[in-house]
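To keep things clear, I will list the structure first and then write my remarks on it.
The values are calculated or read from the model by the stated rules, or taken from the named source; none is laboratory data. As the structure is a computational prediction, the values presented were derived from the model and not from experiment. Note that each Cβ is placed from the backbone with ideal geometry, even for glycine, and that neighbours are counted across all protein chains shown. For the accessible areas, the whole protein counts, side chains as well, though only heavy atoms, and no ligand, DNA or RNA atoms are used. Shrake-Rupley method; radii C 1.70, N 1.55, O 1.52, S 1.80 Å.
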Amino acid sequence: LESTLADANSYEEFLDRLRLFGQESLLLIGTRILSGTVSAQHASVAFADVAEGIAHTVHGLVMDQFAEQHGRIKDQETAIVAMGKLGSREMTASSDLDLILIYDFDHEAPESDGNRPLEGSQYFARLTQRLISAFTTRTNYGVLYEVDMRLRPSGRAGPLASRIDSFAEYQEHEAWTWEHMALTRARVISASPAFQAKIEAVIRDVLTRKRETGIIANDVLEMRRAIAEERGESDIWDLKNAAGGMVDIEFIAQYLQLIHAAEKPEILNVSTVQVLDNAARLGVLPQSDADTLRAASRLYHDLTQIIRLCVIGKFKPETAGEDLLRVLTRAGDAPDFSALEARVRETQNEVREVFLKLLEGSPRQ
């Protein structure tokens with residue numbers, strides 16, 4: 001990436017080369033998925049590595065460009081925090097970037113020192129808009145990534161960027177359970193080491209808070225029901241949202257972290273599968289359940305990587321074509337597609353059984 005950008009002569013050329021680099025990288029990873037030469041897990045991490053490298057590069061570029069116009073604020077710090085699939089390093093070829101921008105500066109000197117000075121909150125709101133634009137503006141090489149900022153404090157109603165003390169205050173006193181669930185996958189991907197450590201300490205303090213198990217279980221079940229009502233859960237090939245699909249597994253991992261991290265902080269990890277391993281090792285998830293969920297997660301990821309590469313919209317076996325069905329069958333290690341379909345259905349039943357056992361079996365208040 002550095003060599004690709006080394007002799008770019010303008011901001012526009014820089015953005016074009018970033019997009020070309022991103023597209024070439026996604027094509028390379030995608031062909032390896034389809035040829036079976038990399039696993040879905042390795043592909044997920046590779047997609048995340050590409051996105052992270054690009055995000056870090058865009059962050060530096062936009063900061064410098066912005067400073068040329070507006071200067072800098074005394075002791076300013078900015079960080080890009082990855083959430084969702086980028087945060088957990090479980091990306092596919094079509095994943096959006098779920099991002100939060102957190103900043104800080106000297107509160108005694110809140111104005112920037114450039115030719116067109118801006119005050120603190122306005123400075124970082126404009127900077128964040130510039131960052132989003134760098135990712136999403138369509139150039140000759142298309143769009144780099146779609147960016148989703150809805151996981152920021154207060155969602156769409158909140159400011160685009162949060163000062164670190166406001167972020168900590170919100171997480172401590174105002175955030176809903178679902179926001180803390182999302183925070184289990186938060187990962188700082190571009191910041192100075194000192195500011196990264198400061199943000200990570202805030203996140204860890206939030207996640208290791210003592211919680212009422214029954215209240216958290218009720219909140220998780222309510223959120224799962226809301227997703228089912230909005231997106232449906234009856235299509236077994238909607239591997240994310242189907243009853244017993246990937247959302248169930250992710251919610252189990254997030255639930256276990258929220259209720260156990262106060263006493264067992266070692267359970268914390270941005271990776272869903274690693275959390276399941278941690279939970280089993282710490283004795284808060286039966287090994288048989290961990291095995292069921294781990295195998296299901298692997299199957300769903302193997303199939304999802306291919307579907308995201310090859311299908312726009314919903315996957316429908318009846319219109320997919322023999323080549324795609326054959327690739328999916330191989331990825332699912334099944335003798336034929338009907339056997340794969342049966343395995344998916346059985347796996348979803350097993351996952352839903354574990355989900356309901358854990359969540360509905362929790363003590364109620």
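For this structure, a couple of remarks:
- Some residue of region 188-204 being within 13 Å of Gln254 (Cβ to Cβ), at pLDDT 95 or above, of a type in the set (Gly, Ala, Ser) and open to solvent by less than 30 Å² (accessible area, probe 1.4 Å): no
- Annotation: Glu230 fulfils all but one of (1) more than 19 Å from the chain's Cα centre (by Cα); (2) open to solvent by less than 20 Å² (accessible area, probe 1.4 Å); the unmet one is (2).
- Boolean, Leu131 is open to solvent by less than 40 Å² (accessible area, probe 1.4 Å), of a type in the set (A, V, I, L, M, F, W, C), at pLDDT below 95 and under 19 Å from the mean Cα position of the chain (by Cα): yes
- Options Leu34, Leu101: the member that is open to solvent by 40 Å² or more (accessible area, probe 1.4 Å), aliphatic (A, V, I, L, M), out of contact with any Asp or Glu (no Cβ under 9 Å at 6 or more places or on another chain) and in contact (Cβ under 8 Å) with a residue 60 or more places away in the chain: Leu34
- Residues located in region 339-361, provided they are more than 15 Å from Ile249 (Cα to Cα) and either aliphatic (A, V, I, L, M) or open to solvent by less than 80 Å² (accessible area, probe 1.4 Å) (or both): Ala339, Leu340, Glu341, Ala342, Gly361
- Residues that are within 30 Å of Ser25 (Cα to Cα), assigned to a loop (DSSP other than H, G, I, E, B) and not β-branched (Val, Ile, Thr), drawn from region 144-195: Leu144, Tyr145, Glu146, Met149, Arg150, Leu151, Arg152, Leu160, Arg185, Ala186, Ala191, Ser192
- On inspection, Ile216 fails the criterion of being outside any helix (DSSP H, G or I) and among the aliphatic types (A, V, I, L, M).
- Looking across region 1-12, the residues that are part of a helix (DSSP H, G or I) and surrounded by 14 or more Cβ atoms within 10 Å (Cβ to Cβ) come down to Thr4, Leu5.
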